[in-house]
Amino acid sequence: MCQIVAEIFGITLDDVVMHASDSAVTPPSGRTAATRTLYMTGNATKQAAEAIRSRLAERVAAEFGVRPDEVDMADGNVLTAANPGVSMSLAHLAKICASENIRRSELVMFRAHLSDWLDPETGQGQPIPTIRTAHMQPRCPSISKPVRFAY
C-alpha cells in the first residue's frame, strides 16, 4: 500500500506511514487474506490517492498556468514539462491547499467486480460481496512528512 501511495505522489517510502486496522479511523471492511488484500485494499488506496492528487494538481495547475494533466509529482516536488524552471515542494502545495480549504483526505470504498455469485451446480462461490475501504489523511500542514493512510 505504501508503494502505491509513494508512486502516485512522487515521494519516498520513508514519507509514507500506514496505520493498519485502526477502527477509530476506518470503517469495517471485511476479512484480510493473502493477495486479496493487495487487490482490494490496494485498489481502494490507489483510488483515494488519485482523488487527492487530482485536487492538488488542479490547484497547482492554476498557479502554474497549465492544465492539471500537465502536472507531475516527483522527488517531493510538483512541476510541469511545459515549464521545467517552475516548481514547488509538495509540502508547500499542501499548505496552500490547507489555507484554501481544499480537501486533502479521501474515503474510498472499492468493490470487487464479480461476474457470478454462485456456481449453480456446486453451490461454491462468493455469496457476500467483498469491499475494502481506504481513508487517506495527509498529516498537516506538510503532505511530504508523512502521508498517513489507513485501511
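The values are calculated or read from the model by the stated rules, or taken from the named source; none is laboratory data. In this text, all values refer to a predicted model and were calculated from it rather than measured experimentally. No Cβ is skipped: glycine too gets one built from the backbone with ideal geometry, and neighbour counts run over all protein chains shown.
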Q.
Can you tell me how many residues within region 90-117 are in contact with a helix residue (DSSP H, G or I) (Cβ under 9 Å, 6 or more places away or on another chain) and over 26 Å from Met40 (Cα atoms)?
A. 7
Q) Has region 24-36 got at least one residue that is modelled with pLDDT under 90 and touching a Leu at 6+ places or on another chain (Cβ under 9 Å)? A) yes
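Can you name the strands (runs of 3 or more DSSP E) wholly within region 57-118 that have at least 2 residues being buried (at least 17 other Cβ atoms within 10 Å of the Cβ)? Break it down stepwise before answering.
Details: elements: 71-74, 77-80, 87-89, 106-111.
Passing ranges, in order: 71-74, 77-80, 106-111.
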Q.
For the structure I just gave you, tell me whether Phe64 is of a type in the set (Phe, Trp, Tyr) and closer than 21 Å to Met18 by Cα.
A. no
